[in-house]
Amino acid sequence: MITCTRVLVRMLYPRPYRDRWGEDLCEAAQAEGWRSWPNLVVSAVTIWLQPAIWPSGHRGQRSARTAAMMLAVAGCGWFLANLITEDADPFLRRVLQVCSMGLLAGCALVTPVPHPNPAALAAVVRRSVRYFAVPAMLIGAVVLIVHGGVLPSIPPLPIRPAVVGLWWAGWLLAVGAGSRALANIRPESAIAPGGRRVGVGGAILAGVAVMAGAVMVTAAFSGAGVDPFAAVCGMFTLTFAFAGAAALCELPGLTDD
């Protein structure tokens with residue numbers, strides 16, 4: 001029972017939260033036994049949706065984590081919306097083009113700025129290579145396959161879905177890598193985005209997520225029948241977008257510890 005409880009806490013909760021309150025959480029859960037497990041799951045979901053309240057180790061870490069959450073929500077929403085509406089109404093595709101520009105603008109605003117010295121720049125380059133090597137190779141491989149004459153102009157049926165899957169997998173991994181890099185920023189190598197930049201960039205990313213969620217919900221009900229996958233993805237994206245906006249609103253009243 002004790003082992004299972006500790007494993008649950010380790011699996012469900014983010015490391016900064018575990019490092020600060022993990023032992024107290026385990027003791028309280030062990031006192032209640034298996035009846036505490038559902039509460040652990042619900043509590044973990046709540047904690048993951050509120051990165052602003054996680055313990056912070058340096059100035060700006062709360063802002064960076066909140067921005068990382070917004071980047072993850074907006075990026076995944078953009079990814080799913082493009083996947084779902086690949087053959088949808090042209091108007092929805094134009095809306096997603098606006099989302100793409102908003103995603104780039106939001107990323108530019110919340111991206112940390114490296115310190116202007118060779119050691120910091122080298123550290124940023126090393127971490128970027130570690131985070132983005134796999135998605136860059138996947139995306140580059142697809143570009144080479146499509147435009148390098150590796151495949152015929154009309155590839156066989158089993159190959160086309162595989163290439164499309166690699167393309168979208170690369171972009172999804174890139175979103176995850178960007179969020180991880182932003183959340184794990186080190187003060188000795190880069191300057192975390194300030195409160196205003198995170199506020200404006202986070203608001204743009206929240207707007208992108210809301211637009212992507214609305215596009216998926218619209219696509220779910222615009223065809224001959226209801227697309228449950230699109231509807232569920234759209235509702236989840238909207239839910240996480242509003243949760244991220246709430247986390248942004250919490251930032252001004254919090255201080256780093």
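Values quoted throughout were computed directly from the atomic coordinates according to the rules given, and no laboratory measurement underlies them. Not measured: the values here are computed from a predicted model. Here the Cβ positions follow ideal geometry from the backbone for every residue, glycine too, while neighbour counts run over all protein chains shown.
Below are the figures for this structure:
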| quantity | calculated |
| --- | --- |
| Exposed GluC sites (Glu not before Pro) absent - longest run of the chain, DSSP non-H/G/I/E/B, at most 14 other C-beta within 10 Å | 87-187 |
| Farthest positive-ward along the chain dipole, Cα basis, beta-carbon charges - from 170, 91, 218 | 170 |
| Two-site label geometry, residue 86 and residue 53: point separation in nm, points 7 Å out along Cα→Cβ | 4.0 |
| In sequence order, calculated HN-Hα J values of region 27-37 (Karplus, 6.51, -1.76, 1.60; Hz; x Gly/Pro) | 4, 5, 5, 5, 5, 8, x, 5, 5, 7, 4 |
| Cα-based radius of gyration of the chain once divided by 2.2 N^0.38 Å, which approximates compact folds | 1.13 |
| For region 176-257: span of alpha carbons on each principal axis (Å, largest first) | 55, 27, 19 |
| Ellipticity estimate at 222 nm from DSSP helix runs (n ≥ 4, -39,500 (n - 2.57)) divided over the chain, nearest 500 | -26000 deg cm²/dmol |
| Estimated FRET transfer efficiency (residue 133, residue 186; beta-carbon r; R0 25 Å; 0.05) | 0.85 |
| Global form of region 54-123, assessed from the alpha-carbon gyration tensor, a/c cut-off 1.5 | prolate |
| The chain: relative contact order as a whole-number percent, Cα under 8 Å and 6+ apart | 32 |
| Positive dipole terminus of region 59-253, leading residue within 203, 230, 161 (C-beta point charges) | 203 |
| Gained length - residue 37 relative to residue 236, 0.36 nm times residue gap less alpha-carbon distance | 69.3 nm |
| Förster radius 51 Å - calculated FRET efficiency between residue 222 and residue 11 (Cβ-Cβ, nearest 0.05) | 0.85 |
| Per-selection Kirkwood Rh - region 121-215 (Cα, Å, 1 d.p.) | 16.0 |
| At 1.567 mPa s and 4 °C, Stokes diffusion of region 1-122 via Kirkwood alpha-carbon radius, µm² per second | 73 |
| Helix 118-147 vs. the chain, principal-axis angle (Cα, 0 to 90°, nearest 10) | 30 |
| Amide H partners (placed H, <5 Å) of residue 191, local residues excluded | 113, 115 |
